[in-house]
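The values are calculated or read from the model by the stated rules, or taken from the named source; none is laboratory data. Keep in mind that this is a model prediction, so the values were computed, not measured. Note that we place each Cβ from the backbone using ideal geometry, even for glycine, and neighbour counts take in every protein chain shown. Surface areas here come from the heavy atoms of the whole protein model, side chains and all, with no ligands, DNA or RNA. Shrake-Rupley method; radii C 1.70, N 1.55, O 1.52, S 1.80 Å.
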Amino acid sequence: MDTSWPVPSERIQELMRRGATIALTPQAHWIEELHTATLGGQRMRAVADDPVLAEAVRRTNLANWLHWASSNAARPGERVPPNLSPVVLETSRDMVRRGLDQTALDTYRTGQSVAWRRWMDICFGLTSDPRELHELLDLSERSIRTFLDDTIDATSARIAEERDQLVRGSHADRLAAVSLILEGAPIPRARAEEQLGYQLTGPHVAAVVWGSASTPASRLETVAEAFTRDSGAARRLTVLASSATLWLWLPVAAAPACAHVQAHIADVPDVWLGIGRPGRDIDGFRRSHLDAIATQRMLTRLTSPHQVAHYDDIALVALLSSDPARADEFVRDALGGLLAAEPDIRDTVLTYIREQCNTSRAAERLYTHRNTVIRRLARADELLPHPLPRNIVAVAAALEIVRWRGQSTA
């Protein structure tokens, strides 16, 4: 028992228990505020920009919230033990694997003010007695602050114990070498190739394979192997970027068609594949990877239903959708009523534009009659804010955004 910890009165213990019970079912916008605060700031930019790491931090936020609340619901007012659950430890290990030092854990403290404000809202609903409220808030502030400090300290200690083992591992060696190449650091080519077991001269196609927190590593490997096989590559460089992310490089001059890969991994759930443009030598190695990362971020940002995407197919949409709110506004302004039209009308418009505004070729592509295409285009003109010929580029771009968001446009 911690003799330095204050022993609250029975009344304050009861208030803590009631408040903690409320906190065990947090409202969605409370947690979203916590995520925004924790992932904000320059030190967390590398984490916030990585969909897998960002999701891991969100899981940790919720785990910490529920750990503190459940402890106070069971033992109100007592010092809350640090949260060393598998979720918290795995997130911390992933940060270390990605080259983020332990000071990144301190960013969890940035969410403390959000948690504190929400807890105060709960407390003010429990009692209006000034004396009780003062004692309750004083104990609560100490409890939240101490719990977070203890959790960060304990997690840092665990990570420090494992760091030597981690940095000596083969994946860590490869990740360190790859990170230097991606940053443009002056690492000798021969040394990098020795660490990677991969030739940096010649052609490269990079890809990112990622899943959710619960995705088994075997599924990531299944998708990586299918992509390698479809590319015709005899070997590949694989780097474990996090527990749910693989970075791949293949020594090939061209990537397989997305539809071809998709057909081979359709039965592998909760795994996605982003493919970069082909490149050559170290510059191509770097650029192809950055393309694949941009593809991953766009699919995640738009919560796209597409399991496989190539950078060439999403480059424009990635640029236009970097600000989701502005992208929504652009789509609404460009499409008007067409946005809510039947999918076959939107499909016809996009196919017509892709076929260089040729109705006969569009009809062949859609396996329909030319007169049907003409009728659908006429209907689209009625729904669009401006006639299609006057705004064809904007309409095409907006329909591409809609397609990658998952609304049907063939």
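For segment 80-106, taking the residues that are crowded, with 17+ Cβ neighbours inside 10 Å, among the charged types (D, E, K, R) and at pLDDT below 70, the one that is nearest to the chain's Cα centre (by Cα) is identified as ARG98. Looking for something on the phi > 0 side of the Ramachandran plot and open to solvent by 50 Å² or more (accessible area, probe 1.4 Å) - is there at least one such residue anywhere in segment 292-306? Checked against the condition, which is being on the phi > 0 side of the Ramachandran plot and open to solvent by 50 Å² or more (accessible area, probe 1.4 Å), segment 292-306 yields at least one hit.
Among the criteria (1) modelled with pLDDT of 80 or more; (2) open to solvent by 70 Å² or more (accessible area, probe 1.4 Å); (3) closer than 30 Å to ILE12 by Cα, the one ARG109 does not fulfil is (1). Can you confirm whether GLU355 is surrounded by 15 or more Cβ atoms within 10 Å (Cβ to Cβ), touching a residue at least 12 places away in the same chain (Cβ under 8 Å) and either of a type in the set (D, E, K, R) or assigned by the TED database to the domain that holds ARG301 (or both)? Judged against the criteria, GLU355 is not a match. For segment 1-47, filtering for residues that are open to solvent by less than 40 Å² (accessible area, probe 1.4 Å) and in a helix (DSSP H, G or I) leaves 15. For segment 187-225, a residue qualifies if it is modelled with pLDDT under 90, among the aliphatic types (A, V, I, L, M) and in contact with a strand residue (DSSP E or B) (Cβ under 8 Å, 6 or more places away or on another chain), and exactly one does: LEU196. Pairs linking a residue in segment 65-94 that is in the same structural domain as ILE152 (by the TED database) and outside any loop (DSSP other than H, G, I, E, B) to a residue that is at pLDDT below 90 and open to solvent by 20 Å² or more (accessible area, probe 1.4 Å), with Cβ atoms under 6 Å and 6 or more positions apart or on different chains, are VAL87/ARG59; GLU90/SER243; ASP94/SER243. Beta carbons closer than 6 Å, at least 6 apart along the sequence or on distinct chains, never pair a first residue in segment 198-212 that is in the same structural domain as GLU55 (by the TED database) with a second that is among the basic types (Lys, Arg) and crowded, with 21+ Cβ neighbours inside 10 Å. Residue selection: THR60 fails the criterion of being at pLDDT 90 or above and either open to solvent by less than 20 Å² (accessible area, probe 1.4 Å) or under 24 Å from ARG142 (Cα atoms) (or both).
Can you tell me which residue among LEU246, LEU240, LEU180 is aliphatic (A, V, I, L, M) and either at pLDDT 90 or above or in a loop (DSSP other than H, G, I, E, B) (or both)?
When all the criteria are applied, what remains is LEU246.
Of all residues in segment 249-267, those that are open to solvent by less than 40 Å² (accessible area, probe 1.4 Å) and either assigned to a helix (DSSP H, G or I) or polar (S, T, N, Q) (or both) total 3.
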